[in-house]
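The structure appears below as structure tokens.
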Amino acid sequence: MVGTMVDKEHEQSGSATPSDKFAKAVEVIHDIDGNYDDAIDLLTEVLEQQSEKYGDLALECAPALYYYGVALFNKARLENDVFGEPVQKAMVEKAIHQMKQEAERNAKEAEKASGPSKDANKEGAAAEAENAAEVDDEGEDVDEEAEEDLEDEENDMELAWRNLETARLIYSKHPGKEKELADVYAALAELSMEREDFETSIADFKSALEVLQTSKDPHVDRILAEYYYKLCIALQLYGGQQSHEGNKAASDGFLKDAVTYCEKALAILDNELARTKEAEDGGDAKAKELEAIMTDIKDKVDELHESMKQREPMLVGGASTSQIGFDKGTSRGKGKADLGVVGRGVNRVSL
């Protein structure tokens, strides 16, 4: 996508063009140690300049909108990781309130007591209550900070969705942008998965696959396999959710669909493996990579079958916690821009 942002005109001699800023932002997003805030600032400048030059809904703005949404989502997701800071603060606040309640009970019991031997206890309990009250004041501050963090996080999620949705609208009106449109649908699917809206996530992954299958690009097979696998994960999570809600029949149906999509991913990778082994220029490293990916997906299929036998679908486990490197050795180079697979309360799957 970087190539679509090339702007040959420099605003000023020696100044960075929108293309330069965009390329730098994408580099930051791909860098495992990159700062998402830096990427967001750069992309904000790019969008301001490109929108002024081409219009808000111009094709030239779509790549920046997409990566802006990705950066915002990744930032919010990191802040909302399992046992992340907002969750820890909430746990601290709860513990503080429990301490206060216990101290107040001890103080009341001491007040009922009489005699010299009870005075010390009464004074001690009163001091404990006073200390707990002071700690509770701190707890209220912690609670307010946690609420602010969660609000900021939700704002980032909402803004990410708006930018991704705008990019989707733009790409959907331009034939020949199937790969880009599919990537946007996949990003929207990941965002919905983070919110535990698995039904929407599944629909968006299916849209990504449908669009990608119409692409005339001969190099989309690996991306198709990746999206099939991610759809499998979304279906597994939705099946687990349905099972916990007591809807066993629906759960089994989603798990069976998950197996089907995993098998489709395996079929694509198996064909690619055969072509790799037939190549004369050597492809041992790529073949080993493909075999490792296929092993992980087969483990996932076995896990799904076992879940259906037990009628208690596991949300994660087996291949779902492994690093399945669909992007290794490909031209996509998504790195940290690959959003992975996330569900609140479950382990992350990095593809």
Exactly one of these conditions fails for Gly246: (1) among the small types (Gly, Ala, Ser); (2) touching a residue at least 60 places away in the same chain (Cβ under 8 Å); (3) farther than 16 Å from Thr200 by Cα. Give me its number. (2)
Here is a list of conditions, (1) touching a helix residue (DSSP H, G or I) at 6+ places or on another chain (Cβ under 8 Å); (2) among the acidic types (Asp, Glu); (3) open to solvent by 50 Å² or more (accessible area, probe 1.4 Å), and Asp252 meets all of them except one; can you say which number that is? (3)
Restricting the first residue to the stretch 201-219 and requiring it to be open to solvent by 10 Å² or more (accessible area, probe 1.4 Å), which pairs with a second residue that is not polar (S, T, N, Q) and not in a helix (DSSP H, G or I) meet a Cβ separation below 9 Å and a spacing of at least six or different chains? Gln213/Val220; Ser215/Gly176; Lys216/Gly176
Only one residue in Ala274, Ala234 is open to solvent by less than 20 Å² (accessible area, probe 1.4 Å) and of a type in the set (A, V, I, L, M, F, W, C), so which one is that? Ala234
Of Ala265, Ala319, which residue is at pLDDT 85 or above and either part of a helix (DSSP H, G or I) or within 25 Å of the chain's Cα centre (by Cα) (or both)? Ala265
Answer with yes or no whether Met308 is part of a helix (DSSP H, G or I), modelled with pLDDT under 90 and in contact with a Leu (Cβ under 8 Å, 6 or more places away or on another chain). yes
Just need a number here: residues in the stretch 256-283 that are farther than 26 Å from Ser243 by Cα and not hydrophobic (A, V, I, L, M, F, W, C). 11
Identify the single condition in (1) in a loop (DSSP other than H, G, I, E, B); (2) of a type in the set (Asp, Glu); (3) closer than 24 Å to Ala71 by Cα that Asp204 does not satisfy, given that it satisfies every other one. (1)
Identify, please: which residue in the stretch 24-44 is out of contact with any helix residue (DSSP H, G or I) (no Cβ under 7 Å at 6 or more places or on another chain) and open to solvent by 80 Å² or more (accessible area, probe 1.4 Å) and is, among those, farthest from Leu65 (Cα to Cα)? Asp33
Could you tell me whether the stretch 153-170 includes any residue that is free of Cβ contacts under 8 Å to residues at least 40 places away in the same chain, in a helix (DSSP H, G or I) and under 28 Å from Glu289 (Cα atoms)? no
Taking only pairs six or more apart or across chains, which ones have beta-carbon atoms under 6 Å, a first residue in the stretch 297-309 that is exposed (fewer than 14 other Cβ atoms within 10 Å of the Cβ), and a second residue that is in a helix (DSSP H, G or I)? none
The lone condition Gly176 fails out of (1) assigned to a helix (DSSP H, G or I); (2) under 22 Å from Cys61 (Cβ atoms); (3) not charged (D, E, K, R) is (1)
Give me the pairs, please: first residue somewhere in the stretch 29-41 and among the polar types (S, T, N, Q), second residue anywhere and buried (at least 16 other Cβ atoms within 10 Å of the Cβ) and part of a helix (DSSP H, G or I), beta-carbon distance under 9 Å, and either six or more positions apart or on two chains. Asn35/Val28
So, in the stretch 165-214, of the ones that are under 14 Å from Tyr238 (Cβ atoms) and basic (Lys, Arg), which residue ends up farthest from the chain's Cα centre (by Cα)? Lys206
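The values are calculated or read from the model by the stated rules, or taken from the named source; none is laboratory data. Every value quoted in this text rests on a predicted model; they were computed, and no experiment measured them. Glycine also receives a Cβ, built like all others from the backbone with ideal geometry; neighbour counts cover every protein chain displayed. When the accessible area is computed, the model is the full protein with side chains, heavy atoms only, and any ligands, DNA or RNA have been set aside. Shrake-Rupley method; radii C 1.70, N 1.55, O 1.52, S 1.80 Å.
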